[in-house]
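A.B. asks: Sharing a structure with you now.
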């Protein structure tokens with residue numbers, strides 16, 4: 001069986017020392033090793049942000065694309081080459097703000113891919129602006145008095161938009177996170193994994209998450225109401241698989257082969 | 001060349017387009033040539049709607065100066081369309097006996113027909129069919145041609161519907177006598193032509209180019225290209241997806257292409273603007289992708305249902321940073337398929353974004369043409385046999401694109417500047433080397449004879465330069481000028497970027513006057529060419545849409561300085 005390190009590239013991450021994303025990378029490569037993923041048949045796709053530098057750090061195919069557009073990029077990859085295992089690495093700004101619409105539609109299509117959103121409730125790469133999951137009173141240069149905006153509840157959004165696997169992990173618990181990621185990759189359909197991953201530079205107070213994170217005291221359910229109840233009622237740092245259901249994966253139309261000349265004749269000849 | 005131009009107008013939903021289609025098909029069945037432009041208001045139903053048919057005894061794609069006949073199924077909203085159909089002095093106005101034409105049309109010869117009372121003789125009868133029959137008879141079309149045409153267009157609705165409409169056409173047909181100087185006296189061809197629609201013909205070109213993935217968001221006037229492909233791309237083992245927006249459309253296409261499938265998307269001005277960041281990504285990450293832009297009136301949402309060439313600067317200069325890419329333009333309707341096929345081939349061969357400048361006027365046109373053959377281009381291959389010494393972005397050579405899942409050339413495609421192996425880098429040396437690589441792969445490439453078309457004497461005094469829908473018009477005007485004793489040639493630019501300067505320069509230098517004709521307000525093509533060829537004097541005729549540029553306008557422009 002391969003080791004996690006076999007899936008790491010030899011490029012050193014640009015992340016700050018102590019960044020939660022190191023542990024997400026660790027957990028992801030551990031999950032890849034457990035599943036013995038074929039590196040040539042795996043593609044890690046991302047947008048822009050600290051989280052989105054991840055594809056360069058794994059030894060698979062990868063695409064580091066545009067801010068917010070990781071999911072459409074990954075959708076094209078998966079539809080064009082369905083044999084690939086497609087994993088999307090994203091952050092709270094990338095997935096929920098600039099890429100918010102794609103998040104909803106990717107959940108709705110339920111293509112077989114895994115979205116890992118490293119949520120640190122801040123824009124790190126642009127040095128500390130509030131994101132859609134930032135607390136309303138958190139102050140920043142761009143929001144000196146806080147945003148006064150209710151944070152998104154991404155897992156509730158994912159459930160209502162149609163994701164068939166919805167889970168939360170914590171970078172401070174890589175053993176559990178690896179299992180959640182492995183389960184997400186194995187799940188047939190769109191797997192959404194919210195990963196709490198502290199930003200030690202702009203949100204050092206998030207290091208306290210390690211004292212608050214606790215596993216979900218329930219088995220994964222395929223009942224949407226139960227899952228939604230747990231997402232909304234359990235403490236925000238509750239980790240585990242909240243929802244897993246079998247739902248049809250979107251499939252493009254197929255048709256029997258026809259010669260191009262026949263298509264042309266049919267369309268244009270008198 | 002014998003020609004006849006007629007327009008049919010009416011409110012949206014009145015059957016104007018169906019009447020036009022029946023006539024155009026019948027013209028084709030009867031052995032003549034022609035094309036039809038469609039004009040719509042913004043409303044889905046109830047707005048103004050018109051078709052303009054240009055019939056000829058040889059293949060034709062250009063506008064006439066005036067129309068010889070105008071038929072009004074009704075006159076609702078006619079004033080919004082009237083400018084698009086200038087009438088000749090001898091023009092006739094046809095109308096239903098109970099709906100006389102507006103006073104703005106007084107002074108023309110009119111003909112009142114009992115369209116409504118004849119239509120009422122058949123259950124669910126519509127006047128458009130009676131009108132098509134009457135026009136067909138008057139033009140000199142055999143009834144059999146109209147029947148064939150009707151069957152072609154309506155047989156899927158069942159024999160009962162066909163019979164009802166055939167009855168209506170017959171009622172109209174019996175109202176009119178064929179005019180001796182019209183179609184019945186024209187020479188007929190015995191070819192088996194095609195009757196094409198612009199957007200679907202573009203779709204055929206994309207399929208011939210080998211696309212296996214197409215993603216798009218609905219936008220007028222590009223949508224029916226996507227709709228045509230929806231049922232056809234799957235027969236080529238391809239995937240089509242309606243994306244949530246244009247941002248997704250271009251990124252899906254890029255993802256698919258990265259994963260091994262030649263990919264394309266189609267849009268119009270506003271969508272093109274949304275795609276620009278993605279186009280830059282395809283350029284930087286060197287992922288082949290073809291973008292068909294069907295130009296409508298701009299800026300902003302502009303005039304969605306009308307035509308212009310005003311997206312040219314967006315197509316040339318839209319992506320940020322130094323972003324060399326390819327811009328192609330179809331030279332007329334028949335060329336849509338070939339240019340689309342060539343565009344996909346260029347994207348695959350050069351591993352970059354190729355933007356094709358289609359136009360509403362081409363895309364929504366229907367035309368009788370000789371069958372449009374596929375280009376004989378070598379199939380660009382994806383895949384790397386041996387990855388051991390493969391380098392994705394070598395500074396001195398193109399390298400083949402690996403197919404993930406098949407080849408062992410794992411790499412990360414990146415919009416960030418990168419090293420030759422694809423690792424993000426902000427080193428000045430890497431940036432310069434990669435900028436050079438991306439520029440030189442396009443400028444060093446030999447584009448061949450497809451880059452432009454020349455029509456006319458090689459020692460022409462005057463050169464008419466243009467692209468897209470204007471090419472057939474410029475050819476027509478140049479020939480007329482040459483016949484009138486002023487040697488004039490037309491130069492059609494199919495490759496707009498990179499401009500084939502070395503081939504064009506001697507041709508341009510030889511002429512005494514070089515005149516650029518374009519459908520923009522800001523003389524975008526003229527300014528681009530002036531920038532590319534600063535030492536060659538050029539001037540131009542630039543006018544925005546939606547009114548098409550007509551032959552008389554070009555001739556008047558040429559007369560201005562003799």
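Only the coordinates and a few stated rules stand behind these numbers; no lab work does. Note that the structure is predicted; figures quoted are calculated from it, not measured. Don't worry about glycine lacking a Cβ; one is built from the backbone with ideal geometry, like all the others, and counts go over all protein chains shown.
A.B. asks: Can you pull the mean other chain C-beta count within 10 Å for peptide A:52-58?
C.D. replies: Averaged over the peptide's residues, the number is 3.
A.B. asks: Determine, for B:108, B:32, the number of other Cβ atoms within 10 Å of each Cβ, and report the residues in order from fewest to most.
C.D. replies: Ascending Cβ contact count within 10 Å gives the list B:108, B:32.
A.B. asks: Answer rounded, prolate or oblate for chain B, using the Cα gyration tensor with square roots of eigenvalues a ≥ b ≥ c: rounded when a/c is under 1.5, else prolate when a/b is larger than b/c, else oblate.
C.D. replies: Judged from the Cα gyration tensor, chain B comes out prolate (a/c at least 1.5, a/b above b/c).
A.B. asks: Then there is this: Of the residues A:230, A:120, A:81, which exhibits the maximal mean-square fluctuation in a Gaussian network model of chain A defined by a 10 Å Cα contact cut-off?
C.D. replies: The residue with the greatest mean-square fluctuation here is A:81.
A.B. asks: Using a/c under 1.5 as the rounded threshold, could you call segment B:382-445 rounded, prolate or oblate? The axes a ≥ b ≥ c are square roots of the C-alpha gyration tensor eigenvalues, and prolate needs a/b larger than b/c, oblate otherwise.
C.D. replies: Verdict is oblate for segment B:382-445.
A.B. asks: Give the distance, in whole Å, between the Cα centre of segment B:185-206 and the Cα centre of segment A:93-149.
C.D. replies: Going from one Cα centre to the other spans 52 Å.
A.B. asks: Something else: Mind jotting down the distance between the C-alpha centroids of segment B:220-261 and segment A:151-192, whole Å?
C.D. replies: Distance between centres, Cα-based: 29 Å.
A.B. asks: Once fully extended, how much extra length lies between residue B:124 and residue B:446, figured as 0.36 nm per residue of separation less the alpha-carbon to alpha-carbon distance?
C.D. replies: Roughly 109.9 nm would be gained on extension.
A.B. asks: Given springs between every Cα pair under 10 Å in a Gaussian network model of chain A, which of A:130, A:215, A:204 has the largest fluctuation?
C.D. replies: A:204
A.B. asks: Sorted by packing (mean other beta-carbon atoms within 10 Å per residue), highest first, where do B:330-336, A:38-44, A:217-223, B:391-397 land?
C.D. replies: Ranked from most to least packed, the peptides come out as B:330-336, A:38-44, B:391-397, A:217-223.
A.B. asks: On to the next question. With r as the distance between the Cβ atoms of residue B:391 and residue B:104 and R0 = 56 Å, compute the FRET efficiency 1/(1 + (r/R0)^6) and round to 0.05.
C.D. replies: 0.20
A.B. asks: In nm, what is the difference between 0.36 nm times the number of residues separating residue B:435 and residue B:555 and their Cα-Cα distance?
C.D. replies: Stretched out fully, the residue B:435 to residue B:555 stretch lengthens by 38.8 nm.
A.B. asks: Using a 10 Å cut-off around each Cβ, can you sort B:412, B:423 from fewest to most neighbouring Cβ atoms?
C.D. replies: B:423, B:412
A.B. asks: If you take each beta carbon of peptide B:237-248 and count the beta carbons of other chains within 10 angstrom, what is the mean?
C.D. replies: Across the residues of B:237-248, the mean count of other-chain Cβ atoms within 10 Å is 6.
A.B. asks: Further question on the same structure: To the nearest 500 deg cm²/dmol, what mean residue ellipticity at 222 nm is calculated for chain B from DSSP H runs of n ≥ 4 alone, each contributing -39,500 (n - 2.57), summed and divided by the residues?
C.D. replies: -10500 deg cm²/dmol, from helical runs alone.
A.B. asks: So, one more: Between residue B:184 and residue B:90, what FRET efficiency comes out of the Förster formula 1/(1 + (r/R0)^6) with R0 = 22 Å and r the beta carbon distance, rounded to 0.05?
C.D. replies: For residue B:90 and residue B:184, the calculated efficiency is 0.70.
A.B. asks: As a check on your grasp of the helix formula, calculate [θ] at 222 nm for chain A: sum -39500 (n - 2.57) over DSSP H runs of n ≥ 4, divide by the residue count, round to the nearest 500.
C.D. replies: Counting only the DSSP helices, I get -8500 deg cm²/dmol.
A.B. asks: Got a sec? Which residues in segment B:198-216 would a label at residue B:381 touch, if it sits 7 Å along Cα→Cβ and we count backbone N under 20 Å?
C.D. replies: Counting only backbone N, you get B:209-212.
A.B. asks: Is the shape of the protein assembly as shown rounded, prolate or oblate, going by the alpha carbon gyration tensor and its root eigenvalues a ≥ b ≥ c, with a/c under 1.5 for rounded and a/b larger than b/c for prolate?
C.D. replies: Judged from the Cα gyration tensor, the protein assembly as shown comes out prolate (a/c at least 1.5, a/b above b/c).
A.B. asks: Related question: Based on other C-beta atoms within 10 Å, arrange B:358, B:425 from fewest to most.
C.D. replies: Taking fewest neighbouring Cβ atoms as first place, the list is B:425, B:358.
A.B. asks: How far apart, in nanometres, would the label points at residue B:153 and residue B:539 be if each is projected 7 angstrom from Cα along the Cα-to-Cβ direction?
C.D. replies: That separation, rounded to one decimal, is 4.5 nm.
A.B. asks: Now for a different question. Whole angstrom only: what separates the Cα centroid of segment B:498-562 from the Cα centroid of segment B:380-396?
C.D. replies: Result: 42 Å between the Cα centres.
A.B. asks: What angle do you read, to the nearest 10 degrees and between 0 and 90, between the alpha-carbon axis of helix B:269-285 and the longest principal axis of chain B?
C.D. replies: With both axes taken from Cα atoms, the answer is about 30 degrees.
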